[in-house]
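**Student:** Below is a structure I'd like to ask you about.
The values are calculated or read from the model by the stated rules, or taken from the named source; none is laboratory data. Keep in mind that this is a model prediction, so the values were computed, not measured. Methodologically, a virtual Cβ is constructed for each residue, glycine included, from the backbone with ideal geometry; neighbour enumeration extends over all protein chains shown.
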Amino acid sequence: MNKLLVFYGSYRADRMGIRLAHYMVRRFSERGSDVELIDAQAVGLPMLDRMYKEYAPGKAPPAMEALARKIVAAEAFLFVAGEYNWGMQPGLKNLTDHFREEWFWRPAALATYSAGRLAGARASYAWHPTLAEMGMVAVPSTIGVGQVSAALDVEGLPTGSGGEALDKAFDKFAAVLDWWADAAVEQTARKGPPY
């Protein structure tokens, strides 16, 4: 059982991507993962002024301190990322930027979405080098959901052909992330990170 954090970052009033976040939490839970949704809006970190590491020990805001502990304890990450103007979702990017070393040496997967037909592909292209720069291994398998409001209902259950395609792609996607999480856990136990 891997400890998986699922990150979601929309602040919009009518958030459609939350459906994909709930879908991912449910499906990974069914596979036996210890999974938790981290909703940037609910965490409520301010626009980045100081990173977690820039606070003296015990002086970071409580929400930041709690999230840092969860990130350090996780074995894998999943970013449910919407595409905004061909790029990253600002709420999700802001949340991730508060941390640095806390992310190191674990795999991260991307599940992207958009209201249109390209399924957040351009957000995926933007996130891959960012995750690598932050010390994570971005796994090669990704999921993209176009027309997200038609592919998932308000409970995050699949609907129509888009939902069917998502269900079909999920098992391979999840297996790849699980493999990388297991590999990171085993390597850390065997040798430990080089720094």
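**Student:** Take the residues of region 95-132 that are polar (S, T, N, Q) and in contact with a Lys or Arg (Cβ under 9 Å, 6 or more places away or on another chain): which is surrounded by the fewest Cβ atoms within 10 Å (Cβ to Cβ)? First the steps, then the outcome.
**Tutor:** Within region 95-132, the first condition is being polar (S, T, N, Q), and the residues that meet it are 96, 112, 114, 124, 130.
Now drop any that are not in contact with a Lys or Arg (Cβ under 9 Å, 6 or more places away or on another chain), which leaves 112, 114, 130.
Numbers: Thr112: 28, Ser114: 22, Thr130: 16.
Across region 95-132, the extreme among qualifying residues is Thr130.
**Student:** Still on this structure: Please identify the pairs in which a residue from region 45-60 that is touching a residue at least 60 places away in the same chain (Cβ under 8 Å) has its Cβ atom under 8 Å from the Cβ atom of a residue that is among the acidic types (Asp, Glu), counting only partners at least 6 apart or on another chain.
**Tutor:** As it stands, the answer is none, since no pair meets every condition given.
**Student:** While we're looking at this one, here's another question. Going by the conditions given, is Glu186 surrounded by fewer than 20 Cβ atoms within 10 Å (Cβ to Cβ), at pLDDT 95 or above, touching a strand residue (DSSP E or B) at 6+ places or on another chain (Cβ under 9 Å) and in a helix (DSSP H, G or I)?
**Tutor:** Details: surrounded by fewer than 20 Cβ atoms within 10 Å (Cβ to Cβ): yes; at pLDDT 95 or above: yes; touching a strand residue (DSSP E or B) at 6+ places or on another chain (Cβ under 9 Å): no; in a helix (DSSP H, G or I): yes.
So Glu186 fails the test.
**Student:** Looking at (1) among the small types (Gly, Ala, Ser); (2) within 17 Å of the chain's Cα centre (by Cα); (3) closer than 22 Å to Ala175 by Cβ, find the lone condition where Gly32 falls short.
**Tutor:** (2)
**Student:** Separate question: Please indicate, with yes or no, whether at least one residue in region 38-56 is of a type outside the set (Gly, Ala, Ser), under 20 Å from Val154 (Cβ atoms), surrounded by fewer than 24 Cβ atoms within 10 Å (Cβ to Cβ) and modelled with pLDDT of 95 or more. Walk me through it before giving the result.
**Tutor:** Here is the first cut: in region 38-56, the ones of a type outside the set (Gly, Ala, Ser) are 38-39, 41, 43, 45-55.
Keeping just the survivors that are under 20 Å from Val154 (Cβ atoms) gives 39, 41.
Subset that is surrounded by fewer than 24 Cβ atoms within 10 Å (Cβ to Cβ): 39, 41.
From what is left, the residues that are modelled with pLDDT of 95 or more are 39, 41.
Yes, some residue in region 38-56 is of a type outside the set (Gly, Ala, Ser), under 20 Å from Val154 (Cβ atoms), surrounded by fewer than 24 Cβ atoms within 10 Å (Cβ to Cβ) and modelled with pLDDT of 95 or more.
**Student:** Search region 133-145 for residues being of a type in the set (Gly, Ala, Ser) and in contact with a strand residue (DSSP E or B) (Cβ under 6 Å, 6 or more places away or on another chain), and hand back the single one that is surrounded by the fewest Cβ atoms within 10 Å (Cβ to Cβ). Spell out the reasoning first.
**Tutor:** Kept after step one, since they are of a type in the set (Gly, Ala, Ser), are these residues of region 133-145: 135, 138, 141, 144.
Subsequent filtering for residues that are in contact with a strand residue (DSSP E or B) (Cβ under 6 Å, 6 or more places away or on another chain) retains 138, 144.
Details: Ala138: 21, Gly144: 23.
Among them, the one singled out is Ala138.
**Student:** A follow-up question, please. If you check Leu110, Leu166, which single one turns out to be under 20 Å from Phe28 (Cβ atoms), aliphatic (A, V, I, L, M) and in contact with a His (Cβ under 9 Å, 6 or more places away or on another chain)?
**Tutor:** Checking each option against the conditions leaves just Leu110.
**Student:** A further question on this structure: With region 89-153 as the region, which helices (runs of 4 or more DSSP H) entirely inside it contain at least 3 residues that are closer than 23 Å to Ala60 by Cα? Break it down into steps so the answer makes sense when it comes.
**Tutor:** Working: elements: 90-97, 121-133, 148-151.
Per the criteria, 90-97.
**Student:** Also: For region 46-83, how many residues are outside any helix (DSSP H, G or I) and over 15 Å from Leu110 (Cβ atoms)? Give the steps one after another, and end with the answer.
**Tutor:** Step one: filter region 46-83 for residues outside any helix (DSSP H, G or I), giving 46-51, 55-61, 74-83.
This time we only want the ones that are over 15 Å from Leu110 (Cβ atoms), so: 46-51, 55-61, 74-75.
Qualifying residue count, region 46-83: 15.
**Student:** Taking interchain pairs and intrachain pairs at least six residues apart, which have beta carbon atoms under 6 angstrom, with the first residue in region 19-32 and under 8 Å from Gly156 (Cα atoms) and the second surrounded by fewer than 20 Cβ atoms within 10 Å (Cβ to Cβ)?
**Tutor:** Arg19/Gly156; Ala21/Leu37; His22/Gly156; Tyr23/Gly156
**Student:** Please count how many residues of region 1-29 are more than 14 Å from the chain's Cα centre (by Cα) and either in a loop (DSSP other than H, G, I, E, B) or modelled with pLDDT under 95 (or both).
**Tutor:** Summing the residues that are more than 14 Å from the chain's Cα centre (by Cα) and either in a loop (DSSP other than H, G, I, E, B) or modelled with pLDDT under 95 (or both) in region 1-29 gives 8.
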